[in-house]
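Since the structure comes first, as structure tokens, the remarks are kept for the end.
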There are 4 protein chains.
Amino acid sequence: MMDVALFGAGRIGKIHAGNVAREPGVRLRYVIDVDGAAASALAAQHGAQVATAEAALADNAVRAVVIGSSTDTHADLITRAAAAGKAIFCEKPVDLDVGRARECAEAVKRAGVVCMIGFQRRFDPTFAALKERLVAGEIGDPEMLVVTSRDPGAPPVEYLKRSGGIFRDMLIHDFDVFRWILDDDAATVYATGSVLTDPAVGTVGDVDSTAVTIHTRRGRLAQINTSRRAAYGYDQRFEVLGSRGMLQAGNHKPTEVVAATAASVSQDKPEHFFLERYRAAYAAEMAHFFAALAAGTPVRTSICDGVKALELADAATTSWREKRIVELG
Amino acid sequence: MMDVALFGAGRIGKIHAGNVAREPGVRLRYVIDVDGAAASALAAQHGAQVATAEAALADNAVRAVVIGSSTDTHADLITRAAAAGKAIFCEKPVDLDVGRARECAEAVKRAGVVCMIGFQRRFDPTFAALKERLVAGEIGDPEMLVVTSRDPGAPPVEYLKRSGGIFRDMLIHDFDVFRWILDDDAATVYATGSVLTDPAVGTVGDVDSTAVTIHTRRGRLAQINTSRRAAYGYDQRFEVLGSRGMLQAGNHKPTEVVAATAASVSQDKPEHFFLERYRAAYAAEMAHFFAALAAGTPVRTSICDGVKALELADAATTSWREKRIVELG
Amino acid sequence: MMDVALFGAGRIGKIHAGNVAREPGVRLRYVIDVDGAAASALAAQHGAQVATAEAALADNAVRAVVIGSSTDTHADLITRAAAAGKAIFCEKPVDLDVGRARECAEAVKRAGVVCMIGFQRRFDPTFAALKERLVAGEIGDPEMLVVTSRDPGAPPVEYLKRSGGIFRDMLIHDFDVFRWILDDDAATVYATGSVLTDPAVGTVGDVDSTAVTIHTRRGRLAQINTSRRAAYGYDQRFEVLGSRGMLQAGNHKPTEVVAATAASVSQDKPEHFFLERYRAAYAAEMAHFFAALAAGTPVRTSICDGVKALELADAATTSWREKRIVELG
Amino acid sequence: MMDVALFGAGRIGKIHAGNVAREPGVRLRYVIDVDGAAASALAAQHGAQVATAEAALADNAVRAVVIGSSTDTHADLITRAAAAGKAIFCEKPVDLDVGRARECAEAVKRAGVVCMIGFQRRFDPTFAALKERLVAGEIGDPEMLVVTSRDPGAPPVEYLKRSGGIFRDMLIHDFDVFRWILDDDAATVYATGSVLTDPAVGTVGDVDSTAVTIHTRRGRLAQINTSRRAAYGYDQRFEVLGSRGMLQAGNHKPTEVVAATAASVSQDKPEHFFLERYRAAYAAEMAHFFAALAAGTPVRTSICDGVKALELADAATTSWREKRIVELG
């Protein structure tokens, strides 16, 4: 039985707790959260205990930690957990500062521990099937990637202030999808953005709508379009054009009901937001983490992927702010 | 904590065991199966014990039974469980003989216990959403129902011999869907059938393809078409025409990948068979069973629904065999 | 240059006039209609002349006639045109009385003239492509056909009185589709119907909703469901299940716009009614008629097809009226 | 009766000839082409005469000209036709040189004649319906536009040499779509490109794959992705995200057949190329041209639109060549 400590009892913490609990041979032992009531409730639900970070990391029975606490705690917890020899699963981003993220990666490397970053989209059934078919050569060589990534609504401005900006907060997932799908790196990044949904977004120095173009080292082209607001829900699509065809990943819908009336022929809107759309993905990534630990095989989304995605987010932020094309090493 | 005894450790028994195990406040206590090894394996997986029917039914801590054993055991187990005062969840059909099924329903009534029949389709997210929207009046009064129900491949002939024939074995689900969706009863039934997939089906006095028409008491029309073989997988669709529009329930697909190549634009085939397609439905029906027990509210698919569906299957069988329209009381 | 006389300057006559006018090497010479003003207007539009039936049939330059006048004139005009040695294109049905229709077929045969019946659905791009792929063996042997055929709204009761009933008026097209797609004949027909859209339909001894089942000589099954009213427009679909898959013919839409809003994700309703949906089919059938005349090859929808469809309509009417299964020779 | 002279008897000339011939009150009088045989054949087909440009422009009966000859003749013919007081319909582009294009626009203005540029996409049923619904406010204010524009295969390298490059040859349509749909102008343009389909494209100084981003004056964002090769055919889609939803324009398909087999569930590929996809649009734009002439109302795609699209193509070419963001006045 592998004991696990979970940091963070909020929205994503609850998801992870449920998925950890369902893993055979794994036990959720500790829940750690600055909000004691939240920690207690979640711990009680899964037969775990509330603990401090110190205590949890000091317990030798704890072989792995799941970090779902706020972004500003990630780097510190990764570093400490690595030092304590724990296997680490951490929500993205590693840190908002790429320097600190690199230090974390170094710490993980030195400690020789496993550190998986929660880029759950790679585990989405549709996205993963597309990737598999791409790798199998179904559409030949990939040439172009178009990513559409839109949230149903913007978070509160208070959140935005501490978010690191839309490129680090929201597009970091899309940058990881780009790297994963094309198996390529950016040569140049161009990003532009606009405040279109709420002027308040602009007052905190951020944008809510972006258009990013990446020219890769192998000469491929990728375009990402994002918005903080899609009236019809969470829009998560991408398509890859290859030399022999195209693969498209469409949205998931709650049901397959079609209604034909005098007004129109309609179907369900996409799954509302990430908790619904990526429910299967969150379960699959956690299963992958523990399966990789058990088998001693590498995790599919390492801390290096976390650092690389952050480098792209930084480059995009610079491109947008300085209105110029940014070249990457 | 409510203790549960599960009869049957086969394919469907495993599904039910997993769903029972996930219910909060419910514990899988006993697994009963003529195949001792299967019972042991399933019991071990969920921390339950292997038992005899007698022992399980004699244990007062057991408040509910789940019957997923072979069809010929249903009536006996329902009767005994009812006599023992247990709440009952039983897979369809109640029995292949409508007389025995009615006796079971009587026994359940006398005992005053809850008895839910596993018509899981009513709990399918797509089907249930369609029903809800129909009841909400989205398409006015329902007038016509068209049901398409096709299996990916026929079961072995040995199975067919004991199945009661295609109308009782396969269409019983469609007859229940008909009653549920139209909230109406059959005035006349016409059924015809053919052996088109494998001559062996005919040698055991059955057919593999059927076309059924029901004229309801309120003058509505329903058509059901079924086949034991659809090369593209499990095809489970229906549509309702109403005075103000149509609602269609489409197939579920494993992923939302679309591939465009020189050959065609293609998407996934439907979920392969019932275990995949109705995975969510099996979980939802079990959750409903225990929620109804906890709340003391009626179950949505009672033993009476089981009897009524069987009466339709009998009428269809007669119509097909005797080549005539059958009137129902 | 082949001169053509057109009988009927109404809705369908106008369609045929336009299509005749577009045929190279063909000239619309005469328009004949009891409504003189309608005839004049249509003739003027295409540089033709108004004439009487006698004059048009007596003109040796007229090599072909197109009959789009009211149903009760068809048999007489076919007989006279055949006697005059003209090639004939006639709208369905040949006649409401199968005896008269057979006499017409005899007259055509004796005269040795071409007589094509306007079963335009066989020329619809979607239906024709499906048939071609079926014949090419894409889904193996056909086993089952499901036809959905719904009008956007019922015609006036005055029309219904003289229509011959829904099976002869509306389903005759579906019966022809059945024969064409399965390339098979009916062994038995069962039909039932109901008055669900407007009680006035019942007062003239007709129904507005029907469910028909055909068991073919080769043991295949076909189901047809029809309604005089679909709130969402003209619904013209069918699907064929074969031993190796299924082919479905879907509705045509005016545009490929998809709208995603807070309410739903919607697309266009089907083309509104037959003039829109079968616009391409009407052009293609007329092109086929003149191409067959030019090449001396048989037409694809002969007067025999017209008679056979009528026989099915008669059988269905009898089945519905007498509440019994009807066997066909 | 309005007489028309057609310049160009090639692929697009034939399309225009057919559409001119179908216009009531319009007569195709002259066909002019350097290839005499082609001119003769096309003239004969429509009862027109072969002529020289001089003769055609000198004939006062000729009230309008349709220019479908090679790009390098457009500016000269527009200028001469304007001087001769003819109404002008000219294929895109006005000229490959924006200076000459502006001179043409000046000449048209001075002459006070109508000059419509053949941006047929604005007349496509799907695109036009989307625009109409956008203007009607169905999705609120437009914020983002994503255009996908891919050809089924690259033209010969000989063609590419004289084409002006992909941005002027291919994307000029997309730039016009951008201006039309967003009703906005570009503030900055960023374009990048790559040679991915055939190295020969690179040898003539062109690219075959491009990614363009436009930031508009009103702060909206547009992304265009194009390729000279899509294995699955002509891909012509765009989508507009607005404050209250999204409108998508999808591809047109030849038929609505769906095939479900053991391999997949598939539908038709998109219409193969522009002649098929935009057949209705070519007819509609010509009808619009003559309707506008008859009514004295402005044409929807003026020579100014031609100049503006060319300015965007120039800016994109510069951005790609000089690897920089280009600001527009």
Report task. State yes or no: is D:PRO298 away from chain C (no Cβ under 13 Å), in a loop (DSSP other than H, G, I, E, B) and open to solvent by 20 Å² or more (accessible area, probe 1.4 Å)? Result -> yes
Query raised in the report: What is the residue count in region A:257-278 for residues that are surrounded by fewer than 20 Cβ atoms within 10 Å (Cβ to Cβ), in contact with a helix residue (DSSP H, G or I) (Cβ under 8 Å, 6 or more places away or on another chain) and more than 21 Å from B:ALA249 (Cβ to Cβ)?
Result: 1
Query raised in the report: B:ALA129 fails exactly one of the following numbered conditions: (1) out of contact with any Ser or Thr (no Cβ under 6 Å at 6 or more places or on another chain); (2) without any contact (Cβ under 8 Å) to a residue 40 or more places away in the chain; (3) under 30 Å from C:THR226 (Cα atoms). What is the number of that condition?
Result: (1)
Requested in this report: Using the structure shown, decide if A:LEU293 is surrounded by 20 or more Cβ atoms within 10 Å (Cβ to Cβ) and either away from chain B (no Cβ under 11 Å) or assigned to a strand (DSSP E or B) (or both).
Outcome: no
Report summary line: Among (1) over 19 Å from D:PRO254 (Cβ atoms); (2) surrounded by fewer than 19 Cβ atoms within 10 Å (Cβ to Cβ), C:PRO254 falls short only on (1)
Query - Residue selected from region A:184-222 under the condition without any contact (Cβ under 8 Å) to a residue 24 or more places away in the chain and assigned to a loop (DSSP other than H, G, I, E, B), by the criterion least open to solvent (accessible area, probe 1.4 Å) - result: A:GLY219
Report summary line: Considering residues that are in a loop (DSSP other than H, G, I, E, B) and either away from chain D (no Cβ under 14 Å) or touching a strand residue (DSSP E or B) at 6+ places or on another chain (Cβ under 7 Å) (or both), the number found within region C:235-261 is 6
Report summary line: Residue pairs within 9 Å by beta carbon, gap of at least six or interchain, first lying in region D:288-309 and without any contact (Cβ under 8 Å) to a residue 12 or more places away in the chain, second outside any loop (DSSP other than H, G, I, E, B) and open to solvent by 30 Å² or more (accessible area, probe 1.4 Å), listed first then second, are D:THR297/D:ALA291
Query raised in the report: When the residues of region A:157-199 are filtered to those that are within 14 Å of chain D (Cβ to nearest Cβ) and among the charged types (D, E, K, R), which remaining residue is farthest from D:GLU143 (Cα to Cα)?
Result: A:ASP184
Query raised in the report: Condition test on C:SER163, is it polar (S, T, N, Q), in a loop (DSSP other than H, G, I, E, B) and closer than 24 Å to C:GLU91 by Cα?
Result: yes
Requested in this report: Given the conditions (1) open to solvent by 70 Å² or more (accessible area, probe 1.4 Å); (2) under 22 Å from D:LEU293 (Cβ atoms); (3) not in a loop (DSSP other than H, G, I, E, B), report the number of the one that D:LEU77 does not fulfil.
Outcome: (1)
Report task. Any chance you could count how many residues in region C:16-36 are closer than 12 Å to C:ILE67 by Cα and open to solvent by 40 Å² or more (accessible area, probe 1.4 Å)? Result -> 1
Query - Hits in region B:1-23 (condition: in a loop (DSSP other than H, G, I, E, B) and out of contact with any helix residue (DSSP H, G or I) (no Cβ under 9 Å at 6 or more places or on another chain)) - result: B:MET1
Query raised in the report: Among (1) among the acidic types (Asp, Glu); (2) touching a helix residue (DSSP H, G or I) at 6+ places or on another chain (Cβ under 9 Å); (3) more than 26 Å from C:LEU160 (Cα to Cα), where does C:ASP33 come up short?
Result: (3)
Requested in this report: Answer yes or no as to whether B:TYR282 is out of contact with any Gly (no Cβ under 9 Å at 6 or more places or on another chain) and in contact (Cβ under 8 Å) with a residue 60 or more places away in the chain.
Outcome: no
Query - Sole exception among (1) under 28 Å from C:LEU310 (Cβ atoms); (2) open to solvent by less than 60 Å² (accessible area, probe 1.4 Å); (3) among the aliphatic types (A, V, I, L, M) for C:ALA39, by number - result: (1)
Requested in this report: Evaluate the following for C:PRO142: is it under 30 Å from B:SER319 (Cα atoms) and either more than 14 Å from every other protein chain (Cβ to nearest Cβ) or touching a Gly at 6+ places or on another chain (Cβ under 6 Å) (or both)?
Outcome: yes
Query raised in the report: Going by the conditions given, is B:ALA154 at pLDDT below 95, more than 14 Å from chain A (Cβ to nearest Cβ) and crowded, with 19+ Cβ neighbours inside 10 Å?
Result: yes
Query raised in the report: For region D:91-120, what are the residues that are part of a helix (DSSP H, G or I) and either free of Cβ contacts under 8 Å to residues at least 12 places away in the same chain or more than 13 Å from D:GLY306 (Cα to Cα) (or both)?
Result: D:GLY99, D:GLU106, D:ALA107, D:LYS109, D:ARG110, D:ALA111
Query raised in the report: Does D:ASP97 satisfy being open to solvent by 50 Å² or more (accessible area, probe 1.4 Å) and under 30 Å from D:ALA315 (Cβ atoms)?
Result: yes
Report summary line: Reported set for region A:301-329 where residues are open to solvent by 40 Å² or more (accessible area, probe 1.4 Å), away from chain D (no Cβ under 14 Å) and in a helix (DSSP H, G or I) is A:CYS304, A:LYS308, A:GLU311
**Report entry** Checking D:ALA64 against (1) open to solvent by 10 Å² or more (accessible area, probe 1.4 Å); (2) under 21 Å from the mean Cα position of the chain (by Cα), the condition it does not meet
**Finding:** (1)
Query raised in the report: If you take the residues of region B:223-234 that are outside any strand (DSSP E or B) and either of a type outside the set (D, E, K, R) or facing chain A (nearest Cβ under 9 Å) (or both), which of them is surrounded by the most Cβ atoms within 10 Å (Cβ to Cβ)?
Result: B:ALA230
Query raised in the report: So B:ALA281 clears everything in (1) within 11 Å of chain A (Cβ to nearest Cβ); (2) assigned to a helix (DSSP H, G or I) except one condition, right? Which one?
Result: (1)
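The values are calculated or read from the model by the stated rules, or taken from the named source; none is laboratory data. No experiment lies behind these values; they were computed from the predicted model shown. Counting neighbours? That spans all protein chains shown, and the Cβs are built from the backbone with ideal geometry, glycine included. Surface areas here come from the heavy atoms of the whole protein model, side chains and all, with no ligands, DNA or RNA. Shrake-Rupley method; radii C 1.70, N 1.55, O 1.52, S 1.80 Å.
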